Amino acid sequence: KAGVTQTPRYLIKTRGQQVTLSCSPISGHRSVSWYQQTPGQGLQFLFEYFSETQRNKGNFPGRFSGRQFSNSRSEMNVSTLELGDSALYLCASSLVGDRGISPEAFFGQGTRLTVV
Amino acid sequence: AQSVAQPEDQVNVAEGNPLTVKCTYSVSGNPYLFWYVQYPNRGLQFLLKYITGDNLVKGSYGFEAEFNKSQTSFHLKKPSALVSDSALYFCAARTGFQKLVFGTGTRLLVSP
């Protein structure tokens with residue numbers, strides 16, 4: 001079974017631009033979460049989607065947004081990029097079983113975003 | 001608010017010796033607890049989880065973790081460390097449908 005796939009793996013953007021990152025969850029997983037990882041702040045939760053609805057949201061500015069499609073694939077968008085947005089962006093998926101969401105999350109390889 | 005603490009930024013151990021990476025948590029309700037490992041420029045790999053039941057859980061690559069409710073701890077252990085175990089380890093917790101909360105990570109260095 002294929003794991004969580006994130007594209008692209010690496011990205012270089014200029015300040016002020018916008019960027020869209022993509023995440024394809026493990027087949028059958030309907031919950032997708034996004035995290036930002038930086039050396040200074042560690043792993044910070046961005047948002048979680050389940051069945052195309054945002055269920056949880058972290059403390060990030062409105063420049064960070066996301067969505068989930070009917071096939072559970074998710075995209076994350078960052079507008080008006082700032083230098084501080086340079087980070088590894090990780091996507092994770094979780095299985096939704098009969099009793100609700102399976103608690104463990106499986107992560108993709110991440111997208112390394114560099115803002116110059 | 002939920003939080004996870006990993007008190008050690010780095011743990012050094014010689015190959016063949018036992019290793020322990022510490023984690024304490026503060027969550028309301030019954031926690032789900034996890035350990036993940038991260039190698040350079042890679043995502044997080046799931047190692048093991050505690051949901052309920054036996055306090056000692058076994059995971060991938062010979063790792064295990066002990067859940068201690070009274071001490072609110074979930075330390076990661078391995079009886080005999082390998083150089084290839086050198087990586088960044090994250091402890092995480094969640095309750096119900098809440099978001100996963102991560103510790104700050106502990107770098108494990110295993111020397112030959």
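Where a number appears in this text, it was derived from the coordinates with a stated rule and is not lab data. Everything numeric here is computed off the predicted structure, so don't read it as measured data. A quick note on method: Cβ atoms are made from the backbone with ideal geometry, for glycine too, and the neighbour counts reach across all protein chains shown.
Can you give the extra length, in nm with one decimal, that the chain gains between A:Ser70 and A:Thr38 once fully stretched, where that is 0.36 nm per residue apart less the Cα-Cα distance? Please report the intermediate quantities before stating the final value.
Numbers: separation 32, 0.36 × 32 = 11.52 nm, distance 3.04 nm.
Separation in residues times 0.36 nm, less the Cα-Cα distance, equals 8.5 nm.
Restricting to Cα pairs below 8 Å that are 6+ residues apart, what does the relative contact order work out to for chain A? Please round to a whole percent.
Reported as a whole number, the value is 36 percent.
By what distance, in whole Å, do the Cα atoms of the range B:1-45 stretch along each of the three principal axes, largest value first?
38, 24, 16
Do the alpha carbons of any pairs in A:Lys57/B:Lys58; A:Lys57/B:Lys69; B:Lys22/B:Lys99; B:Lys22/B:Lys49; B:Lys77/B:Lys99 sit beyond 23 Å of each other, and which pairs?
Those over the limit are A:Lys57/B:Lys58; A:Lys57/B:Lys69; B:Lys77/B:Lys99.
Dividing the Cα convex hull volume of chain A by residue count, how many Å³ per residue is that?
Values: hull volume 11.2 nm³, N = 116.
Expressed per residue, the convex hull around the Cα atoms of chain A is 96 Å³.
Along the charge dipole of the protein assembly as shown, Cβ charges K/R +1 and D/E -1, which of A:Gly42, A:Leu90, B:Gln38 sits furthest on the positive end?
After comparing all options, I get A:Leu90.
For chain B, calculate the relative contact order in percent as a whole number, restricting contacts to Cα pairs under 8 Å that are 6 or more residues apart.
Relative contact order here is 38 percent.
Take the Cα gyration tensor of the protein assembly as shown, multiply each eigenvalue by 5, square-root it, and list the three semi-axes largest first, rounded to whole angstrom.
29, 21, 16
Using a 10 Å cut-off on Cβ to Cβ distances, tally the other chain neighbours for every residue of B:23-36 and report the average as a whole number.
Taking all residues of B:23-36 together, the mean is 1.
Compute the distance in nm between two label points, each set 7 Å from the Cα along the Cα-to-Cβ direction, one at A:Thr114 and one at A:Arg55.
Rounded to a tenth, the inter-label distance reads 3.6 nm.
Which chymotrypsin sites (Phe, Trp or Tyr not before Pro) in the range A:16-116 pass both tests, a DSSP loop state and at most 13 other beta-carbon atoms within 10 Å?
Answer by residue number: A:Phe69.
Mind checking the log10 I(q)/I(0) for chain B at q = 0.13 Å⁻¹? Debye, one equal scatterer per Cα, no solvent, two decimals.
Ignoring solvent entirely, the Cα scatterers give -0.44.
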